[in-house]
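Worksheet: one structure, shown below.
The values are calculated or read from the model by the stated rules, or taken from the named source; none is laboratory data. Since the structure is predicted, the reported quantities are computational estimates derived from the model, not experimental observations. Here Cβ is always computed from backbone atoms with ideal geometry, including for glycine, and neighbour counts include all displayed protein chains. To get the accessible areas, we keep the full protein, side chains included, count just its heavy atoms, and leave off ligands, DNA and RNA. Shrake-Rupley method; radii C 1.70, N 1.55, O 1.52, S 1.80 Å.
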Amino acid sequence: MDNKVLFISHWLPNDVYPTKGIFIQKHAEAIVEFSQITVIHFDIESSKDIFKLELTETIEDNYVKYCIKIRSKYYKFLYFALPYQYFLFNRLCKKFSIDISKYNLVHTNILFPSAIIGYKISKKHKLPQYHTEHWSKVNHFFKTNIYKKIGLKAYQNCYRISVVSTFLKNEIKEYLNLEKVQIIPNIIDSSEFQFKNKVKNNTLQFCAIAQWNLPKNPFYFLDALEQLSNDIDFEINLIGEGKQIEEIKNKKYNFKINYLGILKSTQINTVLQSTDYFLHGSDYETFSVVIVEALATGTPVITSKIGIAESIITTVNGFICENNSLDWKKNILEAIKIDYNHSKIADSIKDKFDKSTISKQFKDFYSLE
């Protein structure tokens, strides 16, 4: 292992949100395949406490994770208090005898705040900074955030930058030196999402999965289904929770909606394996893991034109819709006429998003000269 990586993120699973930033954790697990990695987690969340701080060390599979855990009713202020966070980072290093000089590089995730913290560490310790961007709010950050100037310096300081999709690269290209940019997607666990021959259902089974909050927009496909409900026998499974669930219930649609709540990956896999069509409506996303998970089970996808959709959705595996119910209705009707080859759908993304593939891409990312 040539590289010793200091891997920094404000988004990782925690006790408040156990799935938060899990895509970043999966990237860390891929990098472990070829490098020594130390994870620094700035874990700042809301609580009833005025202020509660913990500095902890845990041993994960094949790497050490240090956590700066803050719980406070003033968490928003503390999330913006970058000098204080940098002070806590140095305090963490002192407490656990973390010698930054032994690292070869610092790898940050998400421009604000992680890349800015990493920029300070990079400059002080003369370490090359590598960065992975997932964030949908980069453009908004550069228009309004008080840290926008130092954020741009952080981007300019980076030796290499990876983005999770061509869509995101195009969205933020005005802030990046494109010669530095490499597309490295999120990881889909092929052991959790697998193809299985579909059994013919008595009624068409649709499925949608999300944290049901903006920018997700289920009403594109739900309104389209409402227009079809007198002509087609179907039901839809909604997986996940969020503010939009109550809005959906208040609409009183004339078709059956099964509210399944939050499910584990294995449970989602089972639902997808018995799903005829996966629907994903959204106004903005940088990647969209659920699209790939559905395809991995052989399920055709009907989706908004967001994230990775245009890179992987073809006539073989689904349709891309304009964000209005009429176009959704048209594409749903087209899709249900097609006798899809579900095995071919699963093969259309096979090995493109698994850990070993992404691990090799990160190895190239670090070794580029």
**Message:** Taking a ≥ b ≥ c as the square roots of the Cα gyration tensor eigenvalues, with a/c under 1.5 meaning rounded and otherwise prolate when a/b beats b/c, else oblate, which class fits the range 312-369?
**Reply:** oblate
**Request:** Name the shape class, rounded, prolate or oblate, that the alpha-carbon gyration tensor gives for the range 186-230, where a ≥ b ≥ c are the square roots of its eigenvalues, rounded holds for a/c under 1.5, and otherwise prolate holds if a/b is larger than b/c and oblate otherwise.
**Result:** oblate
**Fill in**
Shape descriptor, the range 227-343: equivalent ellipsoid semi-axes (Cα gyration tensor, sqrt 5λ, whole Å, largest first) stand at 20, 18, 16
**Prompt:** Can you tell which of 111, 127, 208 lies farthest toward the positive end of the dipole of the chain, using +1 and -1 charges on the Cβ of basic and acidic side chains (Lys, Arg; Asp, Glu)?
**Reply:** 127
**Message:** Can you give me the C-alpha center-to-center distance between the range 175-235 and the range 256-321, rounded to a whole angstrom?
**Reply:** 2 Å
**Request:** Note down the accessible area of residue 125, probe 1.4 Å, to the nearest 10 Å².
**Result:** 60 Å²
**Prompt:** Between the helical axis of 22-31 and the dominant principal axis of the chain, each derived from Cα atoms, what acute angle in degrees is found, rounded to the nearest 10?
**Reply:** 60 degrees
**Request:** Compute the Cα gyration tensor for the range 1-150, then decide on rounded, prolate or oblate, letting a ≥ b ≥ c be the square roots of its eigenvalues: rounded whenever a/c is under 1.5, prolate when a/b is larger than b/c in the other cases, and oblate in all that remain.
**Result:** rounded
**Prompt:** Relative contact order for the chain: what is it in percent, counting Cα pairs under 8 Å that are at least 6 residues apart?
**Reply:** 14 percent
**Message:** Can you list residues from other chains, or at least 5 along the same chain, whose modelled amide H is less than 5 Å from the amide H of residue 44?
**Reply:** 70
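Placing +1 at every Lys and Arg Cβ and -1 at every Asp and Glu Cβ, with all other atoms neutral, what dipole size does the chain have around its Cα centre, in debye to the nearest 20?
Numbers: 47 positive and 40 negative charges, 315 e Å.
Roughly 1520 debye for the chain.
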**Asked** Once you put a point 7 Å from the Cα of residue 149 and another 7 Å from the Cα of residue 189, both along the Cβ direction, what distance in nm separates them?
**Response** 4.5 nm
**Complete:** Between residue 69 and residue 333, the two model label points (7 Å from Cα along the beta-carbon direction) sit apart by a distance in nm of 5.5 nm
**Asked** Does anyone have the angle between helix 219-228 and the longest principal axis of the chain? Alpha-carbon axes, 0 to 90°, nearest 10?
**Response** 10 degrees
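With all protein chains present, how much of the accessible area of the chain (probe radius 1.4 Å) comes from carbon and sulfur, to the nearest whole percent? Provide the component values of the computation, followed by the final result.
Working: 8620 of 17540 Å².
The value for the chain is 49 percent carbon and sulfur by accessible area.
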**Asked** Once both labels are modelled 7 Å past Cα along the beta-carbon direction, what's the residue 174-residue 2 spacing in nm?
**Response** 3.8 nm
**Asked** If one takes the longest principal axis of the Cα atoms in the chain, at what angle in degrees, from 0 to 90 and to the nearest 10, does the Cα axis of helix 325-336 lie?
**Response** 70 degrees
**Asked** When DSSP assigns beta bridges and you keep just the ones with both residues in the chain, what percent turn out antiparallel, to the nearest 5?
**Response** 15 percent
